[in-house]
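Scroll down for the structure; my scribbles are underneath it.
The values are calculated or read from the model by the stated rules, or taken from the named source; none is laboratory data. What you are looking at is a predicted structure, and each value in this text was computed from that prediction instead of being measured. Note: ideal-geometry Cβ built from the backbone for every residue, glycine included; neighbour counts use all protein chains shown. For accessibility, only protein heavy atoms count, side chains too; no ligands or nucleic acids. Shrake-Rupley method; radii C 1.70, N 1.55, O 1.52, S 1.80 Å.
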Amino acid sequence: MPNVKNQETLVKIKEDLDGVSAMWVVDYCGLTVKDIQALRTAIRESGASLKVYKNTLMHIALEELEMASMDEILEGPSAFVFAGADPVASAKALKEFAKTNDKLEVKGGLMDGAFVNAEQVQAVADLPSREQLFGQLAGLINGFARRIAVSINDMPSSIARAVNQVAEQKPAA
């Protein structure tokens, strides 16, 4: 029978995994306490949270929730980043932190219930943020709407010019 503390931790892990859009696994070995605090702050600002759990408990939680297995990356010291609504923001925060601190290693994770490796997490981090995508989409819609408005506005004046040219070509009756 597992001890009570592990059972409570398992419940917390399942709560963290419930409804999460993505979870990234990082190796934090070699980071100082100050570095980890800075990492937690960057992660929190991106709308995610950083937690450290035992790999075996994470394995059990994933198995019980029937999620993808991450056994190949659940080795050594692991910290888990639970992304909020925008998984790109948390991946970008990890990427930015790793630029200034080479001891942080992204191992991989889960996204929409599927396993992703470190390269795929990097690809997610390279995507535009949610706000940037909304801005690009709004710009496309705005440009399309503007072109339609110009075309519709130009229609009556085009007809008027055509009628005027026909009237000039025919002699007055």
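Go through segment 18-30 and report how many residues are open to solvent by 20 Å² or more (accessible area, probe 1.4 Å), in contact (Cβ under 8 Å) with a residue 60 or more places away in the chain and not hydroxyl-bearing (S, T, Y).
Step one: list which residues in segment 18-30 are open to solvent by 20 Å² or more (accessible area, probe 1.4 Å), which gives 18-21, 27-30.
Now restrict to residues that are in contact (Cβ under 8 Å) with a residue 60 or more places away in the chain: 20-21, 27-30.
Now narrow it down to the ones that are not hydroxyl-bearing (S, T, Y): 20, 27, 29-30.
Residues meeting the conditions: 4.
Of the candidates A79, A68, A42, the single residue that is of a type in the set (A, V, I, L, M), in contact (Cβ under 8 Å) with a residue 40 or more places away in the chain and under 20 Å from S129 (Cα atoms) is A42. Taken together, the criteria place Q136 among residues that are open to solvent by 100 Å² or more (accessible area, probe 1.4 Å), of a type outside the set (V, I, T) and out of contact with any strand residue (DSSP E or B) (no Cβ under 7 Å at 6 or more places or on another chain).
Scanning segment 9-46 for residues that are among the hydroxyl-bearing types (S, T, Y) and either assigned to a helix (DSSP H, G or I) or more than 23 Å from V88 (Cβ to Cβ) (or both) turns up T9, T32, T41.
Give me the pairs, please: first residue somewhere in segment 102-128 and in contact (Cβ under 8 Å) with a residue 12 or more places away in the chain, second residue anywhere and assigned to a loop (DSSP other than H, G, I, E, B) and hydroxyl-bearing (S, T, Y), beta-carbon distance under 8 Å, and either six or more positions apart or on two chains. Partner pairs satisfying both residue conditions: K103/Y28; L104/Y28; K107/S78; M111/S21; D112/S21; F115/S69. Exactly one residue out of A118, A114, A68 is of a type in the set (A, V, I, L, M, F, W, C), exposed (fewer than 12 other Cβ atoms within 10 Å of the Cβ), modelled with pLDDT under 90 and out of contact with any Ser or Thr (no Cβ under 8 Å at 6 or more places or on another chain), and it is A114.
Does D126 satisfy being touching a Pro at 6+ places or on another chain (Cβ under 9 Å) and either closer than 25 Å to W24 by Cβ or hydrophobic (A, V, I, L, M, F, W, C) (or both)? Can you show your working first?
On the way: touching a Pro at 6+ places or on another chain (Cβ under 9 Å): no; either closer than 25 Å to W24 by Cβ or hydrophobic (A, V, I, L, M, F, W, C) (or both): yes.
Here the answer is no, as D126 does not meet what is asked.
Is it true that L57 is touching a Ser or Thr at 6+ places or on another chain (Cβ under 6 Å), assigned to a helix (DSSP H, G or I), over 18 Å from A123 (Cα atoms) and without any contact (Cβ under 8 Å) to a residue 60 or more places away in the chain? Against the criterion (touching a Ser or Thr at 6+ places or on another chain (Cβ under 6 Å), assigned to a helix (DSSP H, G or I), over 18 Å from A123 (Cα atoms) and without any contact (Cβ under 8 Å) to a residue 60 or more places away in the chain), L57 qualifies. On inspection, S49 does not qualify as of a type in the set (S, T, Y) and within 17 Å of N117 (Cβ to Cβ).
When residues of segment 3-17 are filtered for being within 18 Å of M111 (Cα to Cα), in contact (Cβ under 8 Å) with a residue 40 or more places away in the chain and either open to solvent by 70 Å² or more (accessible area, probe 1.4 Å) or not β-branched (V, I, T) (or both), how many remain?
The first filter runs over segment 3-17 and keeps only residues within 18 Å of M111 (Cα to Cα), leaving 13-17.
Add one more test, that the residue is in contact (Cβ under 8 Å) with a residue 40 or more places away in the chain, and what stays is 13-14, 16-17.
Next cut, either open to solvent by 70 Å² or more (accessible area, probe 1.4 Å) or not β-branched (V, I, T) (or both) only: 14, 16-17.
Summing the residues that are within 18 Å of M111 (Cα to Cα), in contact (Cβ under 8 Å) with a residue 40 or more places away in the chain and either open to solvent by 70 Å² or more (accessible area, probe 1.4 Å) or not β-branched (V, I, T) (or both) in segment 3-17 gives 3.
For segment 154-163, the criterion of being in a helix (DSSP H, G or I), exposed (fewer than 11 other Cβ atoms within 10 Å of the Cβ) and under 26 Å from the mean Cα position of the chain (by Cα) is satisfied by no residue at all.
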